[in-house]
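Right, one structure below, let's go through it.
Each reported figure results from applying straightforward, stated rules to the coordinates on display, with no laboratory input. Bear in mind that the values here come from a model prediction, so they are computed numbers and not experimental data. All Cβ positions, glycine included, derive from the backbone under ideal geometry; neighbour counts span all protein chains shown.
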Amino acid sequence: MDSLLISFDLETEQFQEVSKPDCCGSDRCSCHLLVVRGCLSVGAFHENDGRLEIWVMKESWIKELSIRSCMPPALIEQDTCHFSYSGRNFSNLFVRVLCVLRSGEILLEYQRRALIVYDPQCETLKEFTFSEMPARWFKIIIHLRTLNWLEN
């Protein structure tokens, strides 16, 4: 994560730098910000070993979860030409955490081509589909409620 994390305090109207999690070291790593259970979080996909980590900011950054292999076998068989699967590595594959569901399962997006549900209790992955969703052709937009309407 090469960029800075900056917060803005609405009460004091001050900016300040926020520490970053120690998740990407020297790895080839793709990081993205998200909200997990109301907390600032980072999803970090390590390209060298196909591992996905979720770090959550509490008093400090805490690694909440690490998923060793992020691709269900059915998707590997269907799409080997698109996902460059060799052994357990997924080179150049961007994985994004979309949200944590009420059930505790985690909804993941792979290279804007597939939705996956990860169950941390059973450590299983399954492709998420529904009949109205065009196969391999969709765009995901995450909407979070943010600030209330501000009056001048």
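Net charge in the neighbourhood of VAL100 (other residues with Cβ under 12 Å of its Cβ; Lys, Arg +1, Asp, Glu -1) is -1.
Please give the net charge around LEU5, taking every other residue with its beta carbon less than 10 angstrom from that of LEU5, where Lys and Arg add +1 and Asp and Glu add -1.
Working: positive: LYS20; negative: GLU17.
Summing Lys/Arg as +1 and Asp/Glu as -1 gives 0.
So which lysines pass the test for LYS63, namely a Cα distance under 17 Å, with those fewer than 8 places away in the same chain ruled out? Once the sequence-local lysines are set aside, what remains near LYS63 is LYS20.
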